[in-house]
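First the structure, in the form of structure tokens, and then the observations on it.
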């Protein structure tokens with residue numbers, strides 16, 4: 001007798017899904033017992049963010065926009081997981097309900113295993129010594145099932161700065177797809193409209209509340225928006241109401257630093273400004289030069305008067321204390337004088353710091369930001 005209401009021995013659900021997948025598809029007798037058993041198991045596990053189980057449900061029940069969007073998001077999140085069996089202990093980092101997580105742990109953080117979807121999503125600790133590398137079967141199998149059953153990956157949700165698949169509350173987010181709007185319209189400033197060009201986007205967090213996003217750009221292939229600042233962390237569903245309805249899902253985090261670059265892909269020379277302070281007077285210092293669609297770093301001299309850089313970012317404003325935000329520049333950890341909202345544009349953040357003189361003559365250096373333990377993508381500055 002299966003205890004479908006308990007998560008003990010979670011592997012049992014994996015065996016049940018696999019067997020019922022074949023029994024229900026291949027049964028020619030009309031036996032209702034298999035479907036009744038499947039319904040009981042699905043009722044207990046449908047909310048547990050399991051891409052493999054979701055795809056078996058797709059095979060047995062057909063398309064479902066919300067479930068299929070979740071499946072796509074979960075597979076994208078799998079790609080953020082460490083490849084080796086490093087030990088993980090999330091005790092104290094996620095809400096604890098008697099030794100297990102109260103909600104499914106985000107896929108990138110779950111404990112290492114050879115097949116992720118057979119492991120409880122509530123397990124707080126586990127792993128090895130970081131010596132064994134995953135074969136990736138827990139991605140390959142559901143990926144090809146998704147392709148076979150037509151689960152679309154054409155609609156995606158990304159940080160507008162870094163292109164990462166996790167997005168922070170209050171940050172700037174880009175949606176990519178087809179037929180998202182019938183034309184192109186833009187809006188700007190500190191307050192954004194919730195409807196633009198006949199398009200609206202609702203975001204439903206794990207609390208079940210739908211929130212309207214502010215829109216800064218809509219086009220047939222892309223929408224830029226600011227994620228509602230009160231969206232709670234966890235898996236969120238995005239619904240685009242435009243010429244057609246599109247549904248997708250992404251993991252929302254509280255803090256997720258993401259740096260803008262001049263190439264607009266989160267890499268290369270930083271989207272930044274700089275000033276040199278001489279006798280109390282500020283002089284603008286060029287950081288980049290763009291020509292024929294390409295931007296390159298302009299060498300910044302740091303062997304004289306102090307130079308202060310402002311990096312433009314998103315996903316930082318919810319950080320705790322200023323001391324918990326730092327810049328990594330050329331391998332040095334540099335304190336910041338400001339890390340928070342840039343007041344002129346909705347969702348845009350700014351990080352200010354002084355370039356260390358010890359970086360002199362280093363040439364191109366890698367730059368990233370860490371806030372509350374979360375590290376951004378890497379951009380570059382050129383130092384003379």
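The values are calculated or read from the model by the stated rules, or taken from the named source; none is laboratory data. As the structure is a computational prediction, the values presented were derived from the model and not from experiment. Here the Cβ positions follow ideal geometry from the backbone for every residue, glycine too, while neighbour counts run over all protein chains shown.
Please verify whether residue 67 is under 25 Å from residue 175 (Cα atoms), within 24 Å of the chain's Cα centre (by Cα) and without any contact (Cβ under 8 Å) to a residue 24 or more places away in the chain, treating the condition exactly as stated. Considered against the rule, which asks whether it is under 25 Å from residue 175 (Cα atoms), within 24 Å of the chain's Cα centre (by Cα) and without any contact (Cβ under 8 Å) to a residue 24 or more places away in the chain, residue 67 comes out as yes. When you scan the range 133-143, do you find a residue that is at pLDDT below 90, part of a loop (DSSP other than H, G, I, E, B), surrounded by 15 or more Cβ atoms within 10 Å (Cβ to Cβ) and assigned by TED's automatic domain parsing to the domain that holds residue 45, even just one? Yes: one or more hits. Within the option set 363, 280, being more than 21 Å from the chain's Cα centre (by Cα), loosely packed, with under 15 Cβ neighbours inside 10 Å and free of Cβ contacts under 8 Å to residues at least 12 places away in the same chain holds for one residue only, 280.
Taking the listed residues 258, 249, 270, the one that is modelled with pLDDT under 90, in contact with a strand residue (DSSP E or B) (Cβ under 9 Å, 6 or more places away or on another chain) and surrounded by 21 or more Cβ atoms within 10 Å (Cβ to Cβ) is 249, with no other qualifying.
Residue by residue, here is whether (1) modelled with pLDDT of 95 or more; (2) in a strand (DSSP E or B) holds:
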site	(1), (2)
308	yes, yes
313	yes, yes
317	yes, no
327	yes, yes
333	yes, yes
353	yes, yes
361	no, no
370	yes, yes
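Being modelled with pLDDT under 95 and farther than 24 Å from residue 167 by Cα is a property that residue 99 has. Within the range 13-26, being farther than 19 Å from residue 51 by Cα and either surrounded by 14 or more Cβ atoms within 10 Å (Cβ to Cβ) or not assigned by TED's automatic domain parsing to the domain that holds residue 120 (or both) holds for 23, 24. Could you tell me whether any residue of the range 43-65 is touching a strand residue (DSSP E or B) at 6+ places or on another chain (Cβ under 7 Å) and either in a loop (DSSP other than H, G, I, E, B) or modelled with pLDDT of 95 or more (or both)? For the range 43-65, residues touching a strand residue (DSSP E or B) at 6+ places or on another chain (Cβ under 7 Å) and either in a loop (DSSP other than H, G, I, E, B) or modelled with pLDDT of 95 or more (or both): present. The residue that is surrounded by the most Cβ atoms within 10 Å (Cβ to Cβ), among those in the range 70-96 that are touching a residue at least 40 places away in the same chain (Cβ under 8 Å) and more than 27 Å from residue 176 (Cβ to Cβ), is 85. Set side by side, the residues 295, 290 differ, and just one is farther than 28 Å from residue 253 by Cα, over 25 Å from the mean Cα position of the chain (by Cα) and surrounded by 17 or more Cβ atoms within 10 Å (Cβ to Cβ), which is 295. Within the range 336-351, restricting attention to residues that are surrounded by fewer than 16 Cβ atoms within 10 Å (Cβ to Cβ) and closer than 13 Å to residue 310 by Cα, the residue that is farthest from the chain's Cα centre (by Cα) is 337.
Within the option set 231, 237, being under 18 Å from the mean Cα position of the chain (by Cα), part of a strand (DSSP E or B) and in the same structural domain as residue 166 (by TED's automatic domain parsing) holds for one residue only, 237.
Just one of (1) part of a loop (DSSP other than H, G, I, E, B); (2) at pLDDT below 95; (3) in contact with a strand residue (DSSP E or B) (Cβ under 6 Å, 6 or more places away or on another chain) fails for residue 208. It is (3). Quick check: anything in the range 371-379 surrounded by fewer than 21 Cβ atoms within 10 Å (Cβ to Cβ) and in contact with a helix residue (DSSP H, G or I) (Cβ under 9 Å, 6 or more places away or on another chain)? Among the residues of the range 371-379, at least one is surrounded by fewer than 21 Cβ atoms within 10 Å (Cβ to Cβ) and in contact with a helix residue (DSSP H, G or I) (Cβ under 9 Å, 6 or more places away or on another chain), which makes the answer yes. Candidates 212, 265, 318: the one that is closer than 23 Å to residue 345 by Cα and without any contact (Cβ under 8 Å) to a residue 24 or more places away in the chain is 212.
Quick check on residue 82: is it closer than 28 Å to residue 208 by Cβ and either at pLDDT below 95 or assigned to a helix (DSSP H, G or I) (or both)? In short, no. Take the conditions (1) closer than 24 Å to residue 49 by Cβ; (2) in contact with a strand residue (DSSP E or B) (Cβ under 8 Å, 6 or more places away or on another chain); residue 194 misses just one of them, which is (1).
Scanning the range 218-239 for residues that are surrounded by 20 or more Cβ atoms within 10 Å (Cβ to Cβ) and at pLDDT 95 or above, we see that the one that is nearest to residue 121 (Cα to Cα) is 231.
Filter the range 259-274 down to the residues that are assigned to a loop (DSSP other than H, G, I, E, B) and closer than 19 Å to residue 317 by Cβ, then identify the one that is nearest to the chain's Cα centre (by Cα). For the range 259-274, the residue satisfying everything is 266.
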